[in-house]
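Novice: Would you mind keeping the following structure in view while I ask a few things?
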Amino acid sequence: MATLTAQAGTGSVDSNVPAPANPPSSIAPLKLHVPSPDWRDQIIYFLMIDRFNDGDVHNNNLGAGEFDASSNTKYNGGDLTGIRQQLDYIAGLGATAVWVTPPVANLWWDGAAQAAGYHGYWAENFMEVDRHLGTLEDYRQLSHAIHGKGMYLVQDIVVNHTANFFSYGRGWTPRDPAQDFSLNAGPRPITAPSQWPFSMNDARNAQQRRAGVYHWTPDISNYTNPIQEMNFQMAGLDDLNTENPAVRQALRKSYGYWISEVGVDAFRVDTAFYVPPTFFSDFLNAKDAQQPGIAAVARQTGRDNFLVFGEGFSIDKPYSDKEARKVERYVTAPGGRPLLSGMLNFSLYGAMGDVFARGHPSAELGYRITSLMKVHKRPHLMPTFIDNHDVDRFLAGGSEAGLRQSLLAMMTLPGIPTILYGTEQAFTESRAAMFKAGFQSGGRDRFDTQAPLYRFIADISALRRNHRVFSRGIPAVLSANSAMPGALAWRMTHEQDSAVIVLNTADDETLMDNVQTNLPAGTVLRGLFGLSGTPPHIIVGAHGKISMKLAARSGQVWQVTSDKVAPPVAPAQLTMSALPPSAQHADFTVSGTAGNIANFQLVVDGAITSSERITPGEDGRWSAIVRTGDMIRPDVQHRVVAWAGQDQAMASATQAFRVARDWTVLADIADPAGDDIGARGSYRYPTDPGWGRNRQLDIRRAKISGAGGAIKIEFTMNKITTTWRPPNGFDHVAFSVFLEIPGRAGGGKAMPFQNAMLPAGMRWHYRLRANGWTNSLFTADGASESAEGKLSSPAAEIFVDHKKNTVSFVLPARALGNLSSLSGVKIYATTWDYDGGYRTLSETAQPMAFGGRKTEADPLVMDDTPVITLP
């Protein structure tokens with residue numbers, strides 16, 4: 001490794017762009033340095049500087065073709081001054097910390113990507129403020145203003161890469177970094193980083209090559225390959241050699257600067273997964289007299305609890321902890337030594353989205369709550385979130401009712417709640433602007449403090465701040481539905497305080513029965529908060545159990561008090577005979593006794609609205625048939641209980657059972673190989689090597705199976721890949737599946753956002769859209785060429801068999817309106833790809849865009865099936 005000494009940057013600057021003014025060395029009167037808070041008790045508001053508020057129009061357009069306020073790929077005009085102007089708005093929401101995207105100098109325009117570095121993650125100088133965002137003085141003034149309001153400043157940082165200044169062709173070889181290396185043409189306003197040593201980025205120069213500031217590697221083609229993950233370029237961004245001591249020292253110097261000069265209180269580390277965990281031990285704790293570790297720099301400014309949390313975009317499948325354990329390796333080193341303070345809790349994010357937006361069983365979130373306390377050493381320091389700037393907004397695939405439940409859950413679980421800007425204004429676009437001139441703003445400023453979601457978030461923020469049990473407590477899951485959406489309850493305990501949180505994730509009423517609270521009988525639970533008003537007090541029943549009927553999409557919080565009263569006494573008794581342990585294969589009979597009860601309801605899986613009302617015989621005996629047509633998974637535990645109503649509060653013991661039904665193949669259609677060339681026969685895959693020869697959009701077979709009113713749609717593909725580590729088990733392809741229900745009125749003909757109409761006169765009533773990260777079901781209500789339709793729940797369950805190259809989507813009968821038969825159902829499916837929207841079709845293929853477009857109206861369909869009518 002060559003020894004490096006400090007020298008001037010070697011990048012060239014566009015002479016048409018004015019040079020930045022020299023910043024003042026210090027601003028003594030400003031309140032920049034404050035003691036660290038207890039981060040467990042904080043609530044973070046996360047904003048993209050460029051998209052939040054434009055406080056100074058003079059820094060918008062700097063003449064590099066990088067500015068267009070109406071574009072999602074260019075600078076829009078938001079800046080540091082704009083944030084300062086809206087701090088009262090942020091504080092009024094209940095936030096106590098402001099997380100800003102990287103404010104450092106970025107590549108303004110990347111000609112290869114045809115996009116601007118407005119977001120902050122394409123740095124060219126880690127120690128300068130990007131001139132679109134303001135000056136060093138502006139950043140200091142923002143820090144001063146934030147601290148003056150008793151809030152804290154969180155800065156996003158990048159240690160993995162710089163902007164995209166160089167690339168490799170197919171002739172790359174690790175033996176000769178100069179081979180097939182090229183500097184990218186047309187980056188603006190600078191052709192190489194202006195900060196040393198990052199300016200040493202030309203592998204053709206022997207001295208720079210030996211210095212080893214970069215890994216000298218091409219793009220990652222397989223994110224499951226650990227060597228590529230650590231050392232190759234992510235999306236073309238030049239990968240820093242973070243094992244190099246000179247690089248480590250430069251990064252410590254760069255980010256220590258923002259603590260000492262601006263007063264930053266915490267860091268969020270972007271793309272932490274792409275550097276070795278050992279890097280962070282040096283970054284935080286290096287014993288370097290010249291450039292000490294970040295923790296030492298923070299202590300010098302009075303911050304003894306400087307928070308550093310990382311991003312590891314990795315979501316677990318239901319009931320798995322594999323990805324969460326990978327995340328934890330960046331928090332706790334082997335032997336228990338601490339590394340980062342915490343990591344963004346992506347696994348909890350995934351479970352909340354599945355349960356609250358996509359209709360998965362509530363037990364999936366119940367499992368995740370229990371798991372996070374076992375897997376993570378410091379779960380209270382793991383920022384939690386509903387959506388962020390890199391994924392779809394919650395409201396792009398979920399309902400507002402589901403969003404409110406998600407927010408309530410986040411505020412009452414361990415972790416640092418993080419609100420993405422615009423959530424409080426019901427944004428559906430990931431990177432829309434809050435100010436009226438910006439992208440997707442609707443032509444108006446969006447700082448409405450009377451907006452329903454703004455007021456709601458302010459209320460639940462107050463709930464968390466006023467009750468430390470939610471920010472510091474330990475959760476214990478009390479109830480969860482493993483079969484379908486329904487009840488989910490947990491109890492939070494901190495020292496002598498305790499609270500019970502109960503949600504119903506279903507769109508209908510549900511029964512939560514025989515829940516063991518582990519509290520003494522007669523304990524009074526005081527209503528503390530509810531999504532529809534403060535709930536009434538409840539009294540714990542005999543043996544510490546409670547049962548109650550829950551309204552659709554409800555959420556309620558009770559505080560456990562020390563008050564005790566006589567527990568309610570049931571006036572009669574209900575019993576149900578025990579069920580055999582073996583799985584049921586069809587409908588079956590349950591029976592029992594009912595003393596002095598005229599009638600009651602037999603409730604299966606909490607679904608009280610579809611329960612059967614039972615009238616016992618004169619001798620009190622009763623029997624009833626449990627219908628299993630909608631029970632499609634043999635590994636799911638179902639529940640049945642006899643329930644005598646809310647007023648009498650009587651319930652039999654709950655009986656558990658499983659069902660193993662057989663699927664019947666209804667259609668099996670072969671699809672030609674190699675016909676993934678688009679509707680016009682001229683389409684081409686993107687040039688990124690992830691597609692290459694894989695041809696992931698080529699459907700080879702479509703097999704439709706049924707079990708009662710449930711449907712399974714299985715596609716055999718040319719190749720299933722997981723190179724981007726997708727949580728749904730497949731990537732580089734998105735499926736759009738349309739279903740027409742016989743005899744049902746209405747329906748749509750347009751295929752939303754695909755520039756196409758359904759073939760053969762078909763109309764759709766349900767539309768399934770899924771890729772590796774998203775999975776949504778829509779009805780045709782309100783659908784058009786430019787509207788998805790109405791979100792519906794539950795979304796499909798997804799099963800992937802990588803050996804057979806199959807992806808299966810399973811919809812229970814209730815997803816399709818409780819069909820009794822699938823006869824006559826029509827199905828039509830297409831493939832394309834989806835990344836916040838259907839991927840672009842260009843005239844010529846690009847790294848992330850399909851090629852072969854002839855007109856603007858060309859259909860976004862790479863391959864499709866015929867219209868399949870089920871017998």
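Novice: Considering only residues of region 566-594 that are among the hydroxyl-bearing types (Ser, Thr, Tyr) and more than 26 Å from residue 521 (Cα to Cα), which is least open to solvent (accessible area, probe 1.4 Å)?
Specialist: Per the criteria, the residue is 591.
Novice: Return a yes/no flag: does region 355-363 have any residue that is open to solvent by less than 10 Å² (accessible area, probe 1.4 Å) and assigned to a loop (DSSP other than H, G, I, E, B).
Specialist: Yes: one or more hits.
Novice: Something else: Only one of these conditions is not met by residue 45: (1) surrounded by fewer than 18 Cβ atoms within 10 Å (Cβ to Cβ); (2) at pLDDT 95 or above; (3) touching a helix residue (DSSP H, G or I) at 6+ places or on another chain (Cβ under 6 Å). Which number is it?
Specialist: Condition not satisfied by residue 45: (1).
Novice: Criterion first (assigned to a loop (DSSP other than H, G, I, E, B), within 30 Å of residue 170 (Cα to Cα), out of contact with any Phe, Trp or Tyr (no Cβ under 6 Å at 6 or more places or on another chain) and at pLDDT below 95) does residue 725 satisfy it?
Specialist: no
Novice: Can you tell me which of (1) farther than 26 Å from residue 814 by Cβ; (2) open to solvent by 60 Å² or more (accessible area, probe 1.4 Å); (3) touching a residue at least 60 places away in the same chain (Cβ under 8 Å) is the one residue 563 doesn't meet?
Specialist: Among (1) farther than 26 Å from residue 814 by Cβ; (2) open to solvent by 60 Å² or more (accessible area, probe 1.4 Å); (3) touching a residue at least 60 places away in the same chain (Cβ under 8 Å), residue 563 violates only (3).
Novice: Please verify whether region 241-248 includes one or more residues that are closer than 30 Å to residue 137 by Cβ and modelled with pLDDT of 95 or more.
Specialist: Scanning region 241-248, I find at least one residue that is closer than 30 Å to residue 137 by Cβ and modelled with pLDDT of 95 or more, so the answer is yes.
Novice: Report, by residue number, each residue of region 555-584 that is within 30 Å of residue 534 (Cα to Cα) and either assigned to a strand (DSSP E or B) or among the charged types (D, E, K, R) (or both).
Specialist: 555, 556, 557, 558, 559, 560, 561, 562, 563, 564
Novice: Considering 375, 391, which residue is of a type in the set (A, V, I, L, M), within 15 Å of the chain's Cα centre (by Cα) and either open to solvent by 10 Å² or more (accessible area, probe 1.4 Å) or at pLDDT below 95 (or both)?
Specialist: Testing whether each residue is of a type in the set (A, V, I, L, M), within 15 Å of the chain's Cα centre (by Cα) and either open to solvent by 10 Å² or more (accessible area, probe 1.4 Å) or at pLDDT below 95 (or both) leaves just 391.
Novice: Going through 764, 724 one at a time, which residue ends up being more than 20 Å from residue 834 (Cα to Cα) and touching an Asp or Glu at 6+ places or on another chain (Cβ under 6 Å)?
Specialist: 764
Novice: Out of 790, 826, 803, I need the residue that is in contact (Cβ under 8 Å) with a residue 40 or more places away in the chain and either surrounded by fewer than 21 Cβ atoms within 10 Å (Cβ to Cβ) or in contact with a strand residue (DSSP E or B) (Cβ under 8 Å, 6 or more places away or on another chain) (or both). Which one?
Specialist: Result of the check over 790, 826, 803: 826.
Novice: Check region 643-655 and report whether any residue there is closer than 30 Å to residue 569 by Cβ, open to solvent by less than 10 Å² (accessible area, probe 1.4 Å) and part of a strand (DSSP E or B).
Specialist: yes
Novice: Scanning region 657-684 for residues that are in a loop (DSSP other than H, G, I, E, B) and within 21 Å of residue 857 (Cβ to Cβ), which turns out most open to solvent (accessible area, probe 1.4 Å)?
Specialist: Ranking the candidates gives 680 first.
Novice: Another question, then. Go over the candidates 198, 181, 126, 165 one by one and state the one that is among the aromatic types (Phe, Trp, Tyr) and under 28 Å from residue 835 (Cα atoms).
Specialist: 165
Novice: Here's something else I'd like to know. Taking residue 715 and the conditions (1) closer than 23 Å to residue 318 by Cα; (2) at pLDDT below 95, which numbered condition does it fall short on, given that it satisfies the others?
Specialist: The one condition residue 715 does not meet is (2).
Novice: Residues in region 434-449: is at least one open to solvent by less than 20 Å² (accessible area, probe 1.4 Å) and assigned to a helix (DSSP H, G or I)?
Specialist: No, the conditions are met nowhere in region 434-449.
Novice: Scan (1) within 23 Å of residue 552 (Cβ to Cβ); (2) in contact with a Leu (Cβ under 6 Å, 6 or more places away or on another chain); (3) among the hydrophobic types (A, V, I, L, M, F, W, C) for the single condition residue 604 breaks and write down its number.
Specialist: Of everything listed in (1) within 23 Å of residue 552 (Cβ to Cβ); (2) in contact with a Leu (Cβ under 6 Å, 6 or more places away or on another chain); (3) among the hydrophobic types (A, V, I, L, M, F, W, C), residue 604 misses just condition (2).
Novice: Against the condition surrounded by fewer than 21 Cβ atoms within 10 Å (Cβ to Cβ) and part of a loop (DSSP other than H, G, I, E, B), how does residue 617 come out, does it pass?
Specialist: Answer is yes for this residue.
Novice: Test residue 371 against the stated conditions and say whether it is closer than 18 Å to residue 798 by Cβ and assigned to a helix (DSSP H, G or I).
Specialist: Here the answer is no, as residue 371 does not meet what is asked.
Novice: Another one. Find the helices (runs of 4 or more DSSP H) located wholly in region 277-340 whose residues include 1 or more that are under 17 Å from residue 383 (Cα atoms), open to solvent by 10 Å² or more (accessible area, probe 1.4 Å) and in contact with a Ser or Thr (Cβ under 9 Å, 6 or more places away or on another chain), and list them.
Specialist: Fully inside region 277-340 and qualifying: 322-328.
Novice: Give all pairs with beta carbons closer than 7 Å in which a residue from region 255-274 that is more than 29 Å from residue 231 (Cβ to Cβ) meets a residue that is open to solvent by 10 Å² or more (accessible area, probe 1.4 Å) and aromatic (Phe, Trp, Tyr); count only pairs at least 6 apart in sequence or on separate chains.
Specialist: As it stands, the answer is 265/152, since those pairs meet every condition given.
Novice: Restricting the search to region 216-250, which residues are buried (at least 21 other Cβ atoms within 10 Å of the Cβ), within 30 Å of residue 287 (Cβ to Cβ) and not polar (S, T, N, Q)?
Specialist: 216, 238, 239, 240, 247, 248, 250
Novice: Could you go through region 228-244 and let me know if any residue there is closer than 30 Å to residue 300 by Cα, hydrophobic (A, V, I, L, M, F, W, C) and outside any loop (DSSP other than H, G, I, E, B).
Specialist: yes
Novice: Within region 734-789, which strands (runs of 3 or more DSSP E) (wholly inside it) include 2 or more residues that are at pLDDT below 95 and acidic (Asp, Glu)?
Specialist: none
Novice: Quickly run through region 104-148 and pick out the residues that are open to solvent by less than 20 Å² (accessible area, probe 1.4 Å), more than 18 Å from residue 82 (Cα to Cα) and either touching a Ser or Thr at 6+ places or on another chain (Cβ under 6 Å) or among the β-branched types (Val, Ile, Thr) (or both).
Specialist: Listed by number, the residues that qualify are 115, 123, 125, 126.
Novice: Shifting gears a bit: For region 398-428, give me each residue that is of a type outside the set (Ser, Thr, Tyr), surrounded by fewer than 24 Cβ atoms within 10 Å (Cβ to Cβ), in contact (Cβ under 8 Å) with a residue 60 or more places away in the chain and assigned to a loop (DSSP other than H, G, I, E, B).
Specialist: The answer is 415, and nothing else.
Novice: Identify, by number, the condition in (1) under 30 Å from residue 705 (Cα atoms); (2) modelled with pLDDT of 95 or more; (3) open to solvent by 60 Å² or more (accessible area, probe 1.4 Å) that residue 605 doesn't meet.
Specialist: The failed condition is (3).
Novice: Among the numbered conditions (1) under 16 Å from residue 735 (Cβ atoms); (2) surrounded by fewer than 21 Cβ atoms within 10 Å (Cβ to Cβ), tell me where residue 832 comes up short.
Specialist: (2)
Novice: Another one. Kindly indicate the residue of region 527-545 that is in contact (Cβ under 8 Å) with a residue 12 or more places away in the chain and under 33 Å from the mean Cα position of the chain (by Cα) and also surrounded by the most Cβ atoms within 10 Å (Cβ to Cβ) among those meeting that condition.
Specialist: Per the stated criteria, the residue is 529.
Novice: Quick one: residue 622 ticks every box in (1) under 30 Å from residue 754 (Cβ atoms); (2) open to solvent by 10 Å² or more (accessible area, probe 1.4 Å); (3) at pLDDT 90 or above bar one, so which box is it?
Specialist: Unmet for residue 622, out of (1) under 30 Å from residue 754 (Cβ atoms); (2) open to solvent by 10 Å² or more (accessible area, probe 1.4 Å); (3) at pLDDT 90 or above: (1).
The values are calculated or read from the model by the stated rules, or taken from the named source; none is laboratory data. All figures in this text were calculated on a predicted structure; none of them were measured in a lab. Positions of Cβ are backbone-derived with ideal geometry, glycine not excepted, and every protein chain shown enters the neighbour counts. Ligands, DNA and RNA are excluded from the accessible area calculation, which covers all protein heavy atoms including side chains. Shrake-Rupley method; radii C 1.70, N 1.55, O 1.52, S 1.80 Å.
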